[in-house]
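The values are calculated or read from the model by the stated rules, or taken from the named source; none is laboratory data. Not measured: the values here are computed from a predicted model. Positions of Cβ are generated from backbone atoms using ideal geometry, with glycine treated the same way; all protein chains shown enter the neighbour counts. Surface areas here come from the heavy atoms of the whole protein model, side chains and all, with no ligands, DNA or RNA. Shrake-Rupley method; radii C 1.70, N 1.55, O 1.52, S 1.80 Å.
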Amino acid sequence: MDQILIFINAYLVPGIVSGSIYALGAIGLTLLFGVLRFTHFAHGDVMTAGAYFALTFVGLLGLHPVLALPIAMLCTSVLCLGINHFFYRPLMKRPSLVLTISSFGVALMIRASIQLLYGVESHYYVRGIQRSTEFFGTFRIVDRHIWIVCCAVVLMAALHLLLTYTRLGKAMRAVSDSPDLARLTGISTSAIVKATWVIGGSLAAVAGVFLGWDGFIQANMGWDLLLPMSAAAILGGLGRPYGAMVGGLVIALPKS
C-alpha cells in the first residue's frame, strides 16, 4: 500500500501535471504547423513570454496566477500577432525552411528582451510552502496541481468543441488540409492564420504560466521545454491537436 501511495504522489501526479503542460504547448505547436506549414521554434520562448506577462500582473496587482492567466493570454496573443506581421508574413511565399530558420532568430530576440527587462535570475509567483489537499485520508495533492490539471482539461475540451462544432474550427481544419482548396471555397486564409496565432499563443501562455507556477520562472524555461513539446507533437502527428494531447502525457509520464 505504501508503495502505491509513493507511486501516486511522487510519480503519477507529477507526470500528469507535466503531461498537461507539455500537451498545452504541443497543441499550439502542432496547430501552427498544420496551418502555417513550418515548425515554430520560437514557441517555447513565446511560452516564456506568457509566464513573464503573468508575473508582471501578479507582482503589480497581487493577482493569483490563475486570475493572471487571461491577461497573459491576451498579451501573448498580441505578441504573436505582432511577430507574424513583422517577421513571418513577409516571408510566407518563401520556402518553409526560411520561416523555420527565422523562428530561431525570433526565439533569440524574445529571450534577449526578457533577460534585458527582467534579468537572468529566477522568479516565483508564490513563495513558501504550498497548501495541499488530502484525499481518502491517505495521499495529498498540492492545490496548484489540481488547478493545472483541471484548467488543462477544460481548455482541451474547449478546443475540441471549437474545432468540431464552430465555423472557425471547421475553417481551420480546411486550411490545414488544403489551403488552396479552402481559399477557393471563400475561406479567408489570412483571418485563419491570425486566429491560429491567437489560439496557439494563448495556449502557450497558459503552458508557460503553469510551468512557472509549478517551479520557477526563468528566461530559458520555454526553450528547455521545446524538445519534449516537439516530441509530443511529432508522436501525436504534426498538425493533429488531439494527437498532441495524448503525446504530452505519453512523453511526460515515463519521464516522471
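Before moving on, here are some points about what is shown:
- Leading residue at positive end of dipole, the chain (Cβ point charges), from VAL13, LEU168, ILE199: LEU168
- For region 182-189, the Karplus equation 6.51 cos²θ - 1.76 cosθ + 1.60, evaluated at θ = phi - 60°, returns couplings of 4, 5, 5, 7, x, 6, 7, 5 Hz by residue, with Gly and Pro reported as x.
- Among ASP224, ASP177, the sequence by solvent-accessible area, most first, with a 1.4 Å probe is ASP177, ASP224.
- Potential extension, HIS64-ILE4 segment - 0.36 nm per residue separation minus Cα distance: 18.3 nm
- Cα extents for region 40-113 along the principal axes, largest to smallest and rounded to whole angstrom: 45, 19, 16.
- Amide H contacts under 5 Å for VAL142, placed H, 5+ residues apart: THR133
- Region 89-187: C-alpha gyration tensor shape, a/c 1.5 cut-off, then a/b vs b/c: oblate
- Solvent-accessible area assigned to carbon and sulfur over region 63-156 amounts to 70 percent, based on a 1.4 Å probe.
- Between THR48, THR185, THR76, the residue with the greatest mean-square fluctuation in the GNM of the chain (Cα pairs under 10 Å linked by springs) is THR185.
- Scoring 23-31, 152-160, 94-102 by mean Cβ neighbours within 10 Å over their residues and listing the highest first yields 23-31, 152-160, 94-102.
- Loop-located trypsin sites (Lys or Arg not before Pro) in region 91-191, at most 10 other Cβ atoms within 10 Å (DSSP): LYS93, ARG127, ARG131
- What separates the Cα centres of region 241-256 and region 144-181 is a distance of 17 Å.
- Surface accessible to a 1.4 Å probe, per residue, for the residues of the chain, Å²: 50 Å²
- Rg [Å, one decimal], Dmax [Å, integer] - the chain, C-alpha atoms: 18.4, 62
- Region 200-211 - phi-based ³J(HN,Hα) in whole Hz, Karplus 6.51/-1.76/1.60, Gly and Pro as x: x, x, 5, 5, 5, 4, 4, 4, x, 5, 5, 4
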